[in-house]
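Contents: one structure, followed by commentary.
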Amino acid sequence: MEANPGLRRMGAATMTIYQAIYIALIVYGALLAMTLYFARPGRRRLLGALAGGLAVAVVGVGIESLFHSLGFWRYPSVEEPYGPLALYPLVVVVFALLALIGWRIMRRFGWRGWIAFLVILATLGVLRDFLVADRVLGIIVLARGFLTVLIDAAIWIGTVALAQAVMRLVAGPADADRLGRRPWSTSER
């Protein structure tokens with residue numbers, strides 16, 4: 001076990017898990033702002049996406065606790081079987097962002113496009129978890145093995161689908177609402 005669990009050396013500086021979470025919150029917050037600008041969701045769609053992100057954060061605590069107790073992963077910086085509490089506002093932002101992207105993909109490409117989105121996202125999510133969160137940052141320690149990869153991919157797919165489902169409950173199907181006005185558009189129809 002490391003002398004400072006949850007810390008990794010990055011060049012000459014040491015970054016804590018909380019610093020990494022705060023940096024990620026700024027980055028994903030900016031990505032959410034850009035997504036809002038380009039995707040143009042209505043108020044209900046945005047609230048639905050945020051509700052979906054919140055649902056994933058709440059369910060995520062249970063998922064992380066379960067798979068921690070089963071020995072698939074652990075957070076070295078905390079004693080609890082779930083991640084640091086500062087992680088969960090980030091989860092809300094990330095999954096609201098993913099719900100909005102999934103909404104636009106569903107609206108444009110239908111179910112086939114949305115399934116492709118989930119497969120690509122699960123692949124990138126697993127790579128991020130194993131290569132960045134585990135190996136580079138040391139935020140999480142993942143058990144080695146194919147079963148851990150499959151479980152991680154299934155959780156990515158399931159949590160994004162949960163965020164989308166909650167958004168759909170709040171705002172309706174993908175094509176049910178009109179897109180918001182473009183900020184640069186001044187003419188009314």
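With the requirement that a residue be in contact (Cβ under 8 Å) with a residue 24 or more places away in the chain, within 20 Å of VAL78 (Cβ to Cβ) and not charged (D, E, K, R), what does the range 120-154 give you?
VAL136, LEU137, GLY138, ILE139, ILE140, VAL141, LEU142, ALA143, THR148
Any residue that is more than 12 Å from the chain's Cα centre (by Cα), assigned to a helix (DSSP H, G or I), modelled with pLDDT of 95 or more and aromatic (Phe, Trp, Tyr) - is there at least one of those in the range 147-165?
The answer is no, given that none of the residues of the range 147-165 is more than 12 Å from the chain's Cα centre (by Cα), assigned to a helix (DSSP H, G or I), modelled with pLDDT of 95 or more and aromatic (Phe, Trp, Tyr).
Hey, among the residues in the range 55-89 that are free of Cβ contacts under 8 Å to residues at least 40 places away in the same chain and in contact with a helix residue (DSSP H, G or I) (Cβ under 7 Å, 6 or more places away or on another chain), which one's farthest from THR16 (Cα to Cα)?
ALA57
Would you confirm whether any residue within the range 81-89 is part of a helix (DSSP H, G or I), at pLDDT 95 or above and surrounded by 13 or more Cβ atoms within 10 Å (Cβ to Cβ)? Please lay out each step first, then the result.
Our first condition is that a residue be part of a helix (DSSP H, G or I); within the range 81-89, this holds for 87-89.
Subsequent filtering for residues that are at pLDDT 95 or above retains 88-89.
Right, trim to surrounded by 13 or more Cβ atoms within 10 Å (Cβ to Cβ) and you get 88-89.
Within the range 81-89, one or more residues are part of a helix (DSSP H, G or I), at pLDDT 95 or above and surrounded by 13 or more Cβ atoms within 10 Å (Cβ to Cβ).
In the list ILE105, ILE115, which residue meets the criterion of being surrounded by fewer than 16 Cβ atoms within 10 Å (Cβ to Cβ), without any contact (Cβ under 8 Å) to a residue 40 or more places away in the chain and within 25 Å of ALA176 (Cα to Cα)? Step through it out loud before you land on a result.
Working: ILE105 fails: surrounded by fewer than 16 Cβ atoms within 10 Å (Cβ to Cβ).
So the residue among ILE105, ILE115 that is surrounded by fewer than 16 Cβ atoms within 10 Å (Cβ to Cβ), without any contact (Cβ under 8 Å) to a residue 40 or more places away in the chain and within 25 Å of ALA176 (Cα to Cα) is ILE115.
For the subset of the range 166-178 comprising residues that are assigned to a loop (DSSP other than H, G, I, E, B) and surrounded by 17 or more Cβ atoms within 10 Å (Cβ to Cβ), which member is modelled with the highest pLDDT?
The extreme case among them is ALA174.
Can you go through GLY60, GLY42, GLY48 and tell me which one is farther than 25 Å from GLU80 by Cβ, surrounded by 17 or more Cβ atoms within 10 Å (Cβ to Cβ) and not aromatic (Phe, Trp, Tyr)?
GLY48
The values are calculated or read from the model by the stated rules, or taken from the named source; none is laboratory data. The shown structure was predicted, so the numbers you read here are calculated from the model rather than taken from an experiment. Cβ sites come from the backbone with ideal geometry, for glycine too, and all protein chains shown count toward neighbours.
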